[in-house]
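A.B. asks: There's a structure below that I have some questions on.
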Amino acid sequence: MTNIKPQIDDSWLQVLQNEFASPYFLGLKEFLIEEKKKYRIYPPGSRIFAAFNHTPFDKVKAVILGQDPYHGPGQAHGLCFSVNKGIPKPPSLVNIFKELHTDLGVPLSPHGNLESWARQGVLLLNATLTVREKQPGSHQNKGWEVFTDAAIRALSEKRSGLVFLLWGSYAQAKAPMIDNSKHHILQAPHPSPFSAARGFFGCRHFSATNNLLAAQGQEAINWSLE
């Protein structure tokens, strides 16, 4: 059987090629084939690797880690916390924008599409890249986490000076994979309404990221959305 090339940027394909050929990933593909026969799966197939395609490996400046894609119709499009234009902003994203406004004075965005962040080098990576409609967590522990952990480790090993924004205990559990002698790790509670008031609000991670990038002679992220 001819292997179909994954719909992922060549820079990432080169770094992660061993993952695509590994037994766990082949099992994951079989799982997804069966899932699609029975359920509606998000995001659409062409958007599963959108985080990698918007932010090539050598262009990554910062990493925001999420857990699961959104599971409602039209929401997930392959970038963590982000939704398509025209889709109501989920509560966590509303809180992200509130903190951004407090931190840097950025006007509250009329939409929730974060592609402009991704194009500037912010890897918006969910640990699990697919989900069943209306069933959060339904594709966890099927292999995606092994794949996305490999991506985090590759960034840690092969790049330097990246800023990792770890919001909430799930993202913070990834910290041991990151070499903090050559990268920057910013941690705060999750922006969810259940936890944002416990320290996400006031964390000032957006200005901190730009300050860390500037100190390395890199261009700051323009966090405003149009």
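A.B. asks: Using modelled backbone amide H atoms (1.01 Å from N, in-plane), which distant-in-sequence or interchain residues come within less than 5 Å of Gly66's amide H?
C.D. replies: Counting only residues 5 or more places away or on other chains, the set is Leu125, Asn126, Ala127.
A.B. asks: Select from Pro193, Ala215, Gly121 the residue farthest towards the positive end of the dipole of the chain; place +1 on Cβ of Lys and Arg, -1 on Cβ of Asp and Glu, and compute about the Cα centre.
C.D. replies: Value computed over the given set: Pro193.
A.B. asks: With charges only on Cβ, +1 for K and R and -1 for D and E, what is the dipole size of segment 64-134 about its Cα centre, in debye, rounded to 20?
C.D. replies: Working: 6 positive and 5 negative charges, 34 e Å.
Result for segment 64-134 is approximately 160 debye, rounded to the nearest 20.
A.B. asks: For the chain, what is the charge dipole size about the Cα centre, in debye to the nearest 20, if Lys and Arg each add +1 at the Cβ and Asp and Glu each add -1 at the Cβ? Intermediate results must be reported in sequence, preceding the final value.
C.D. replies: Numbers: 23 positive and 18 negative charges, 78 e Å.
Taking the Cα centre of the chain as origin, the dipole is about 380 debye.
A.B. asks: Please tell me the relative contact order of the chain in percent, rounded to the nearest whole number, where contacts are Cα pairs under 8 Å and at least six residues apart.
C.D. replies: Numbers: 380 pairs, mean separation 52.3, N = 226.
It comes to 23 percent, rounded to a whole number.
A.B. asks: Starting with the highest mean, order 65-76, 135-146, 36-47 by the number of other Cβ atoms within 10 Å, averaged over the residues of each peptide.
C.D. replies: Most protected by this proxy first, the peptides run 65-76, 135-146, 36-47.
A.B. asks: Another question about this same structure. Between Rg and the Kirkwood Rh of segment 64-176, both from Cα atoms, what is the Rg to Rh ratio?
C.D. replies: Value, to two decimals: 0.96.
A.B. asks: Go through segment 56-121 and name the trypsin sites (Lys or Arg not before Pro) that are in a DSSP coil and have 14 or fewer other Cβ atoms within 10 Å of their Cβ.
C.D. replies: Loop-located and lightly packed - Lys85.
A.B. asks: Over all directions, what mean area does the Cα convex hull of the chain project, stated in square nanometres?
C.D. replies: So the mean shadow area of the Cα hull is 12.1 nm².
A.B. asks: Report, as a whole number in µm² per second, the diffusion coefficient that Stokes-Einstein gives for segment 76-124 at 25 °C and 0.890 mPa s using the Kirkwood radius over alpha carbon pairs. Before the final figure, lay out each step's value.
C.D. replies: Working: Rh = 11.1 Å.
D, rounded to a whole number, is 221 µm²/s.
A.B. asks: Right, next: Expressed as a whole percent, how much of the Cα-Cα distance distribution for segment 116-161 exceeds 14 Å?
C.D. replies: 60
A.B. asks: Starting from 0.36 nm per residue, how many nanometres of slack lie between Lys5 and Ser207 once their C-alpha separation is accounted for?
C.D. replies: Numbers: separation 202, 0.36 × 202 = 72.72 nm, distance 3.85 nm.
Result: 68.9 nm gained on full extension.
A.B. asks: On the protein heavy atoms, probe 1.4 angstrom, tell me the percent of accessible surface of the chain carried by carbon and sulfur.
C.D. replies: Details: 5510 of 10690 Å².
Of all accessible area on the chain, carbon and sulfur atoms account for 52 percent.
A.B. asks: Turning to a different aspect of this structure: Charges at C-beta only: +1 for Lys and Arg, -1 for Asp and Glu. How large is the resulting dipole of segment 1-69 about its Cα centre, in Debye rounded to 20?
C.D. replies: 260
A.B. asks: Ignoring ligands, DNA and RNA, what accessible area per residue does the chain give at 1.4 Å, in Å²?
C.D. replies: 47
A.B. asks: Another one. Looking at segment 11-140 from every direction and averaging, what is the projected area of its Cα convex hull in nm²? Please list the in-between numbers first.
C.D. replies: Working: hull surface 32.9 nm².
For segment 11-140, averaging the hull's shadow over all directions gives 8.2 nm².
The values are calculated or read from the model by the stated rules, or taken from the named source; none is laboratory data. Source: prediction; values computed, not measured. Backbone-built Cβ (ideal geometry, glycine too); neighbour counts: all protein chains shown. Note: areas computed on protein heavy atoms with side chains; ligands, DNA, RNA excluded. Shrake-Rupley method; radii C 1.70, N 1.55, O 1.52, S 1.80 Å.
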